[in-house]
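The values are calculated or read from the model by the stated rules, or taken from the named source; none is laboratory data. In this text the structure is predicted, and so the values were computed from the model without any measurement. Methodologically, a virtual Cβ is constructed for each residue, glycine included, from the backbone with ideal geometry; neighbour enumeration extends over all protein chains shown.
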Amino acid sequence: MQHTLDARGLSCPQPVLLAIQAMRSAESEDLKILVDNEASQENVARAAVSQGWSVQVQAVANGEYTLTCKKS
Amino acid sequence: MKWIRALFARSTPVSSSMSEKGMLLYPSTGEVIRAESILRAAGIDIAVKGPPPNLRQGCDMVIEFPLVHELRISEILEAASLSPLRVVVVQDHLLEPVSLFHSKDFGDFLMVRAANMKITVDKHSHTIVNISGGGCPDVPYLAHMLVGKTLDQAPEPRSLGQTLCGYALQLAFQEVRRLCRG
């Protein structure tokens, strides 16, 4: 089952820290992360890759992004 | 020597509460870094800091110096073709340069901000988990080079570039390393 982390509205570095905590405690190997600005998207994607996860980024409306992360 | 004359030409009389420090303002970060290096090599006690809000023009920095050394500083900088754009006397606490470091504990993580740059590390592994801030074009490169590495493995940010962001990140990097080493 895919877990979703909503990090919209949070300022840096909180989206990254929540994403790392979610990856470390993830029971599944599939995580969806929602962010609402480009800097958070880049930072979370970079952190996910450094944790050994692959990332697919999808831009959605109003400058928001969905990152689909899978444990490599 | 124009800036020194301008300094002495101020109309406000010197008061006993006046600070003994001044600030050198430059148009670019590269000049701040070069001037800092030259003045430090000359043994002058200076500090690179963020400017007070009324002098801030973006993500800039200033060199704080002891006014007692102003003549010597002017000669050194003129000889190096590095005369500043402006010199500002720090007249009261409202004009003191802002503190560069701010740290925040996020439980398992520690963030240190220096001027416009933030570095966040895992407190247990000392791995850099995030680099952010700035606005300089090399921030993504700096982040790419540092995130995922430990503080001992990571290259020093100053070795990767000479922008303001690289400079500020170097200071944050040194501070977080100092804090993590306890």
Boolean, A:ALA59 is within 25 Å of B:LEU142 (Cβ to Cβ), among the aliphatic types (A, V, I, L, M), surrounded by fewer than 16 Cβ atoms within 10 Å (Cβ to Cβ) and modelled with pLDDT of 90 or more: yes
Working only within segment B:125-145, note down all residues that are buried (at least 24 other Cβ atoms within 10 Å of the Cβ) and modelled with pLDDT of 95 or more. B:ILE128, B:VAL129, B:ASN130, B:ILE131
Filter segment B:112-130 for residues that are touching a residue at least 60 places away in the same chain (Cβ under 8 Å) and assigned to a strand (DSSP E or B); the one that is farthest from A:PRO15 (Cα to Cα) is B:ALA114
Could you tell me how many of the residues in segment B:148-174 are in a helix (DSSP H, G or I), in contact with a Leu (Cβ under 7 Å, 6 or more places away or on another chain) and of a type in the set (A, V, I, L, M)? 2
Failed item in (1) of a type outside the set (Val, Ile, Thr); (2) more than 14 Å from every other protein chain (Cβ to nearest Cβ); (3) free of Cβ contacts under 8 Å to residues at least 12 places away in the same chain; (4) surrounded by 15 or more Cβ atoms within 10 Å (Cβ to Cβ), with A:GLN21 passing the rest: (2)
Mind listing just one residue for me: the one in segment B:131-147 that is part of a loop (DSSP other than H, G, I, E, B) and within 11 Å of chain A (Cβ to nearest Cβ) and, of those, farthest from B:LEU164 (Cα to Cα)? B:VAL147
Those residues that are in a loop (DSSP other than H, G, I, E, B) and closer than 15 Å to A:LEU18 by Cα, I need them from segment A:28-72; list them, please. A:ASP36, A:GLN51
Residue among B:ARG178, B:ARG113 that is away from chain A (no Cβ under 12 Å), within 29 Å of B:LYS21 (Cα to Cα) and modelled with pLDDT of 90 or more: B:ARG178
Filter pass, B:ALA143 being small (Gly, Ala, Ser), assigned by TED's automatic domain parsing to the domain that holds B:LEU110 and touching a Leu at 6+ places or on another chain (Cβ under 8 Å): no
Reported set for segment A:9-18 where residues are at pLDDT 90 or above and surrounded by 15 or more Cβ atoms within 10 Å (Cβ to Cβ) is A:LEU10, A:PRO13, A:GLN14, A:PRO15, A:VAL16, A:LEU17, A:LEU18
So, of the residues in segment B:148-169 that are within 14 Å of chain A (Cβ to nearest Cβ) and farther than 23 Å from A:ASN37 by Cβ, which turns out to be surrounded by the fewest Cβ atoms within 10 Å (Cβ to Cβ)? B:GLN153
